[in-house]
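Structure first, then comments.
Values in this text are rule-based calculations from the coordinates and carry no lab data. Since the model is a prediction, treat every value here as computed from it, not as a measurement. Cβ: placed from backbone, ideal geometry, glycine included. Neighbour counts: every protein chain shown.
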Amino acid sequence: MLCPVSDECMFKKKYESDQNIQCKGFIRIYCRGGRHNECKRRLYLRETGDWPEANYMPNGYMARD
Ligand code: SF4
């Protein structure tokens, strides 16, 4: 099930078309695979009302570009 905020999510937008294997895996598991309720980006958005930086990953760590 697709994450309900995926249209606005810069992580998904950025890394969907990137070669970063780890981020592609997260998109498969979190954004498209139903674990979006555990996503740290969604948690951050809920708690602060703002999105974190694009390279803040669903597991709460920063992606290296
Ligand atoms: S990274 Fe998190 S907030 Fe962004 S689309 Fe994926 S599950 Fe949703």
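Data table
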quantity: Cβ-defined net charge surrounding Glu16, 13 Å radius [Lys, Arg +1; Asp, Glu -1]; calculated: +4
quantity: For the chain: relative contact order, % (alpha-carbon pairs under 8 angstrom, 6 or more apart); calculated: 33
quantity: Shape category assigned to the chain from the gyration tensor of Cα positions, a/c cut at 1.5; calculated: oblate
quantity: Where trypsin sites (Lys or Arg not before Pro) fall in DSSP loop in the chain, at most 10 other Cβ within 10 Å; calculated: Arg64
quantity: Sequence-distant residues sharing a close amide H with Tyr56 (under 5 Å, placed H); calculated: Ala63
